[in-house]
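One structure coming up, written as structure tokens, with questions to follow.
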Number of protein chains: 2
Amino acid sequence: MKRLQLEDLSKQLGYSKTLISMVLNGKGNQYGISKKTQTAVLDAVAQLDYTPNKFAKALRTGKSYFVGLIVADISNPFYSTIAKNIEHVLFERGYNLMVCSTEENEEKEKRLVEMMLNQQGVDGVIVSTTFKDSSFYDQPRFAKTPLVFIDRLLPLFNTNYVVIDNYGGSLEIVSHLVKDGSKKIACLSISPSYLSTIEDRVNGYKDALIKNKLKQDNDLIKMIHFESINADVENAMRELLARHPDLDAVYALNNHIATALLKTLRKKEFENYNGKLKIACFDDIELFNIIDKKVVSVSQPIEEIGKNASLLMLDIIDGKQVNKSNVVLSTKVIER
Amino acid sequence: MKRLQLEDLSKQLGYSKTLISMVLNGKGNQYGISKKTQTAVLDAVAQLDYTPNKFAKALRTGKSYFVGLIVADISNPFYSTIAKNIEHVLFERGYNLMVCSTEENEEKEKRLVEMMLNQQGVDGVIVSTTFKDSSFYDQPRFAKTPLVFIDRLLPLFNTNYVVIDNYGGSLEIVSHLVKDGSKKIACLSISPSYLSTIEDRVNGYKDALIKNKLKQDNDLIKMIHFESINADVENAMRELLARHPDLDAVYALNNHIATALLKTLRKKEFENYNGKLKIACFDDIELFNIIDKKVVSVSQPIEEIGKNASLLMLDIIDGKQVNKSNVVLSTKVIER
DNA sequence: AGTTATATCTAAATCCTTTTAAATTTCTCT
DNA sequence: AGAGAAATTTAAAAGGATTTAGATATAACT
């Protein structure tokens, strides 16, 4: 049973391929096809399991109705939640989502961007980049395809983006800790620390200390490598507590670190401290609702990132948004 | 700066489009292009930022190098982990992944399947279906496109699938509870319960009771609706404990239910029981490593599902696998 | 009726590859 | 040198839609 094509419809209906194509694409009026003919065609085709060949259509029109999404790790609930919301918006508008994980690997990201932005397989690309600077993205041959950055952005690169207010959220939660009585707050940061999100959070932390007149001490900021979180957190805490017995709060810059921190503090080695330390985390996860330990957290509007980014992308594709659009979503502190 | 195409290369290199296309596709030898010419072409093109138009290629060859993935909820870590592994395998082989979430909505699943299986936009579809029976999938017009089911399968539908041994895992963990001394074990199931995964887990639970000579009692099996998990679990526990004061273990059929259960048991209302109840869960999540409560769980080889399904899909696409392939992966009990 | 304007419809070009079938060049051998 | 075989290369067709430019039918007007 061969696939039907316009040629077949033309024979069966007695109208030209041209006319049928016009009607099927809703351009009947525009091209002056009579109402009678239009309904005749639509009725006849409705019976007939015909769908236009996507490739032929894309070849001719240059539109694929695909949007690409590039993130560091699609299995990370943060990104998969964004993906879900993007997919939802796109589906409503007849678009499909192509998802790729870079696994924090710059080489893979390059290949993916190359493929998506240069090979015109997609109508637009939404990306959370692992890159440090914009030189790669800032090439003329990439400028043809609409681009929206999410979550992370590149310094000095003028493009569309939807991010959250990492600086503000961080400032707020650390200030909250201070008001709650904390005097010495450690910060467990993550490398690669050049990511805009991390940088902003660290700056928020520092500025909160300044504003609240606490002593700044770089020894209180520890780097946790994203590939060895558990071990690094444990070492960091051991060091911190040895050097700063008066430590009274720890601020984890993301949920993975907070999770590792909670695990660490349950060990016998730390049992004397566990009760005394307040814990804060940038990112709010279900776990915090289940454990006894009270964790104060910054909740990010994750769904909103996806929704905003995809709507923005569609506007750009449709030519409704010509200037670069920059969206910064605000966060909320969750006390417990 | 216009996109380069074969025509341009032809003019610049002084060879025909045909020859260049052949060489670029690695078919130089096959078509008897001289070694000298081949290297000349390859060298010249390497300088020139040319990539073939995907749509023209797909139109001519009928291959899109896209594989579709349809799951109930891409933001669910279970599925997003599968997605990540699928994407990884596909990327290595030059394929891309198109991801769609049905949101447990049959209508959306129909539209997606229609689009993917009937509109030949993708070379194959991997799906975790929300459907109850196979009548929709079992249509001749869908048979053209390779199909691999994952996680959930449809009764009596002869197709490729990669699933885990839900029955066996369930049997094992419940037997484990019994050996550990439990005499009365409740089961928190989830609706829609016709999903093959759920059905198998319930059957494993029942058979474990029989094998271990415990009394079966349908009153111990509670249905939790997937859209009101927290409330349903709380009600279920209230009922169970009222009617069965000697209850000594609760078996949650998935991680969401276990999470809700843990939250519920922390409430004052249940504090007298919390210590006495053993908890088991089908699915192993990081949370269980962080909380004090010892949860025994069934760990599923989630990554393996994705890897197996995508490798199988590629084999089918490449014609290496003609018979239907059925893979059942086994689980592991994690004690704590 | 004959011409012009208007409403409908269609043939052919186009998008850019890959592949088939055929043409050309080179080589081998008498 | 010339015929036939082998080695290279290319012109043209095909894939299936959309769109341009043009054709035909109908209406309107003198």
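The values are calculated or read from the model by the stated rules, or taken from the named source; none is laboratory data. Quick caveat: nothing in here was measured; it's all calculated off a predicted structure. Here Cβ is always computed from backbone atoms with ideal geometry, including for glycine, and neighbour counts include all displayed protein chains.
Return yes or no: is residue A:138 outside the structural domain of residue A:220 (by TED's automatic domain parsing), acidic (Asp, Glu) and surrounded by fewer than 22 Cβ atoms within 10 Å (Cβ to Cβ)?
yes
Going residue by residue through region B:187-204, is there one that turns out to be over 26 Å from residue B:80 (Cα atoms), outside any helix (DSSP H, G or I) and of a type in the set (Val, Ile, Thr)?
no
Further question: Being crowded, with 16+ Cβ neighbours inside 10 Å and at pLDDT below 95 is the filter here, so list the residues in region B:293-316 that pass it.
B:293
Shifting gears a bit: Quick one: in region A:42-71, which of the residues that are crowded, with 21+ Cβ neighbours inside 10 Å and more than 9 Å from chain B (Cβ to nearest Cβ) is nearest to residue B:75 (Cα to Cα)?
So, considering only residues that are crowded, with 21+ Cβ neighbours inside 10 Å and more than 9 Å from chain B (Cβ to nearest Cβ), the one nearest to residue B:75 (Cα to Cα) is A:71.
This table checks each residue for (1) of a type in the set (Lys, Arg); (2) near DNA strand C (Cβ under 9 Å from one of its atoms); (3) over 22 Å from residue B:115 (Cβ atoms).
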position	(1), (2), (3)
B:21	no, yes, yes
B:24	no, yes, yes
B:36	yes, no, yes
B:39	no, no, yes
B:55	no, yes, no
B:65	no, no, no
B:69	no, no, no
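Each row is one residue, and each column tells you yes or no for (1) of a type in the set (Gly, Ala, Ser); (2) touching a residue at least 24 places away in the same chain (Cβ under 8 Å); (3) more than 9 Å from DNA strand D (Cβ to nearest atom).
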site: A:41; (1), (2), (3): no, yes, yes
site: A:45; (1), (2), (3): no, yes, yes
site: A:49; (1), (2), (3): no, yes, yes
site: A:56; (1), (2), (3): yes, no, no
site: A:64; (1), (2), (3): yes, yes, yes
site: A:67; (1), (2), (3): no, yes, yes
site: A:71; (1), (2), (3): no, yes, yes
site: A:75; (1), (2), (3): yes, yes, yes
site: A:80; (1), (2), (3): yes, no, yes
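Another one. Taking region B:1-26 only, how many residues are within 14 Å of chain A (Cβ to nearest Cβ), loosely packed, with under 13 Cβ neighbours inside 10 Å and within 11 Å of DNA strand D (Cβ to nearest atom)?
The total comes to 0.
Exactly one condition in (1) under 23 Å from residue B:116 (Cα atoms); (2) buried (at least 24 other Cβ atoms within 10 Å of the Cβ); (3) among the acidic types (Asp, Glu) is not met by residue A:92; state its number.
Result: residue A:92 fails condition (2) only.
Another question about this same structure. Is it fair to say residue A:289 is at pLDDT below 95, touching a Leu at 6+ places or on another chain (Cβ under 8 Å) and surrounded by fewer than 19 Cβ atoms within 10 Å (Cβ to Cβ)?
Here the answer is no, as residue A:289 does not meet what is asked.
With the checklist (1) within 14 Å of another protein chain (Cβ to nearest Cβ); (2) in a helix (DSSP H, G or I) in hand, flag the one item residue B:281 doesn't pass.
(2)
Continuing with the same structure: If you go through region B:95-123 one residue at a time, how many are β-branched (Val, Ile, Thr) and either over 24 Å from residue A:115 (Cα atoms) or touching a Cys at 6+ places or on another chain (Cβ under 9 Å) (or both)?
So the count comes out to 2.
Something else about it: Any residue at all in region A:247-255 that is in a helix (DSSP H, G or I) and free of Cβ contacts under 8 Å to residues at least 60 places away in the same chain?
Within region A:247-255, none of the residues are in a helix (DSSP H, G or I) and free of Cβ contacts under 8 Å to residues at least 60 places away in the same chain.
If we keep just the residues of region A:134-160 that are of a type in the set (Phe, Trp, Tyr) and out of contact with any Ser or Thr (no Cβ under 8 Å at 6 or more places or on another chain), which is farthest from the other protein chains (Cβ to nearest Cβ)?
A:136
Further question on the same structure: Hey, among B:85, B:29, which residue is more than 9 Å from DNA strand C (Cβ to nearest atom), surrounded by 19 or more Cβ atoms within 10 Å (Cβ to Cβ) and not aliphatic (A, V, I, L, M)?
From the options B:85, B:29, the qualifying one is B:85.
Here is a further query. How about region B:27-41: which of its residues are closer than 23 Å to residue A:55 by Cβ and either within 14 Å of chain A (Cβ to nearest Cβ) or of a type in the set (A, V, I, L, M) (or both)?
Scanning region B:27-41 gives no hits.
Based on this model, can you work out whether residue A:330 counts as farther than 20 Å from residue A:190 by Cα and modelled with pLDDT of 95 or more?
In short, yes.
Just name the residue that is nearest to the chain's Cα centre (by Cα) out of those in region B:179-204 that are closer than 17 Å to residue B:105 by Cα and crowded, with 22+ Cβ neighbours inside 10 Å.
Checking each candidate, the answer is B:195.
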